[in-house]
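Undergrad: Please read through the structure below; I'll follow up with questions.
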Amino acid sequence: MEKTIAAVVVTYNRKVLLGSCLNALLSQTRLPKMVYVIDNASTDGTKQYIKELGYLENPRIRYVPLARNLGGAGGFRSGMEIAVRDGYDYLWIMDDDAEPKLDALERMMPFVAREDISALANLKVDSDGAPQIYHLGNITWNPFVDLVKPLSPTDYANKQSLDIQFSSFVGLLISRRAIELKGLPRSDFYIHCDDFEYCVRLNHVGQMLLIPDSVIVHNSPRAIPARKRFLMLTAAPDTLKASCFRYYGERNSTWVVKTYSPLGWLGAFLWATTRIARRTIKATIFERDHYWTRLHVLIRGFTDGLISHFDNSFPTQIINAKMNPEGRE
C-alpha cells in the first residue's frame, strides 16, 4: 500500500514566502495528500493573503490558526499532532521560507517503504543554488566545538542516499512510526535547537538519510551585519535584540548536551563555559553597547539550560525594557 504524506508548514508574519511555499507544494510531481498551514498568530494579514490566492478553498490545504505565537517548536508540535491524529504515514515538515523543487517529494518516495527509516532529509540550498551546509550533518558531542559537523558537497556527491544524524526542520520527512515511538518536538524550546533535540531522538529508532537529489530552496531572508576587525579578530556584531534571542539557543543546546551527551552534566558545563568565554570576548571587543545586559542574557541562557528552566518570555522582557519609546535601542 502506498504511504500517505502530509506536509506541515509553520508560518509567522511572512505571507509572501508562505505563498511561494504553498505554490511549490501544490505543484509537486508527487503531491502530498494534505498541507497543514500552522499560523503562529500572524499579524500581517496572512489568512487574507492566502485566501486571495485561493489556497483556503483548496481541498488539500487545512489552515490552522493558533491563538498565540508558540514559536517554531510549538508550531511544529501542534501541526504534527494534528497530522498524526489524522493518520498520515509520513509528515513533511518545513518553515514558510522553504520552497521545494517540483520533484522534491517524488525523489524521496523510493525510500519511504523501508521500515528502518526514521526520517528523510532534502538537500537545502540558498536562492543561488549554494548548499546550506549547516542544515545537515552528524552529531559530535564535542563540548569545545559545534554539536554538529556539517556535510560538505563531496560527502554526498554521486550518491543516491547518505546516512546522517542531523537535519534542520527545513523539509524533514518523518515517519509516523518514529513519531509514535519518540513523541513530538518539545514546544517549550520555542525556537532554536528544537530540530537538533528531535533528531537525537529520531536516531534512536531508525536511520536518517539525506536524499541529495531531493532539493529545497531555503529562502531565509536574513540581513547579514557588517563584519568588524580588531587586530587578528573579525566578527559580525549582533544587535541587542539578536543577542537576547540567542538565549533560546544557548539554553536549549545546554539542556540537550546535559540530557543526551555521554558526558552529561560535565559535558554541559564544558559546553556552557566554552561558549560563555567566546561570547564574552566578542561582546568585549565588538558589542560594547548594553554590554552587561548581553552577558546577563548569555549566562541566564546557560544556567536555565542546566537547571531545565524554560522561561520563553525572558528575552522579550529584556528587549522591551531596553528599547526607547520609539522601539529603538
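Undergrad: With only Lys, Arg, Asp and Glu charged, each at its Cβ (+1 for the first two, -1 for the last two), find how big the charge dipole of the chain is about the Cα centre; round to the nearest 20 debye. Walk me through the numbers on the way to the answer.
TA: Details: 40 positive and 35 negative charges, 153 e Å.
Rounded to the nearest 20 debye, it is 740 debye.
Undergrad: Next up: Just to confirm the number: angle between the C-alpha axis of helix 240-260 and the first principal axis of the chain, 0 to 90 degrees, nearest 10?
TA: Long axis of 240-260 versus the principal axis of the chain: about 70 degrees.
Undergrad: Mind pulling the angle between the C-alpha long axis of helix 15-26 and the longest principal axis of the chain? Nearest 10 degrees, somewhere in 0 to 90.
TA: 30
Undergrad: When ranked by the protection proxy of mean other Cβ atoms within 10 Å per residue, highest first, what sequence do the peptides 199-210, 164-175 form?
TA: My ranking of the peptides, most packed first, is 164-175, 199-210.
Undergrad: Placing unit charges on C-beta atoms (Lys and Arg positive, Asp and Glu negative, everything else neutral), compute the dipole magnitude of segment 1-111 about its Cα centre in debye, rounded to 20.
TA: Dipole of segment 1-111, to the nearest 20 debye: 160 debye.
Undergrad: For the chain, take the convex hull of the Cα atoms, compute a quarter of its surface area, and give me that in nm², please. Write out the running numbers ahead of the final one.
TA: Details: hull surface 70.7 nm².
Averaging across all directions leaves 17.7 nm² for the Cα convex hull.
Undergrad: Let me ask another. For the chain, modelled as a Gaussian network with Cα springs under 10 Å, which listed residue fluctuates most, Asn158, Asn138, Asn69?
TA: Of Asn158, Asn138, Asn69, the most mobile in the Gaussian network model is Asn158.
Undergrad: A further question follows. What order do you get for Val257, Val125 when you list them from fewest to most C-beta neighbours inside 10 Å?
TA: Listing Val257, Val125 from fewest to most nearby Cβ atoms yields Val125, Val257.
Undergrad: Holding the Cα-Cα limit at 24 Å, pick out from Lys149/Lys241; Lys101/Lys159; Lys182/Lys258 the pairs that are longer than that.
TA: Going by Cα-Cα distance, Lys149/Lys241 fall outside the 24 Å limit.
Undergrad: Additional query: Give a quick list of GluC sites (Glu not before Pro) in segment 65-174 that DSSP marks as loop, anything other than H, G, I, E or B, with at most 13 other Cβ atoms within 10 Å.
TA: Those satisfying the criteria are Glu115.
Undergrad: By how many degrees, 0 to 90 and rounded to 10, does the Cα axis of helix 291-307 deviate from the longest principal axis of the chain?
TA: The answer is roughly 60 degrees.
Any read-out appearing in this document is the output of simple, stated calculations on the displayed coordinates, not a laboratory observation. Quick caveat, the model's predicted, so the values are computed rather than measured. When we count neighbours, we look across all protein chains shown, and the Cβ atoms used for this are built from the backbone with ideal geometry, even at glycine.
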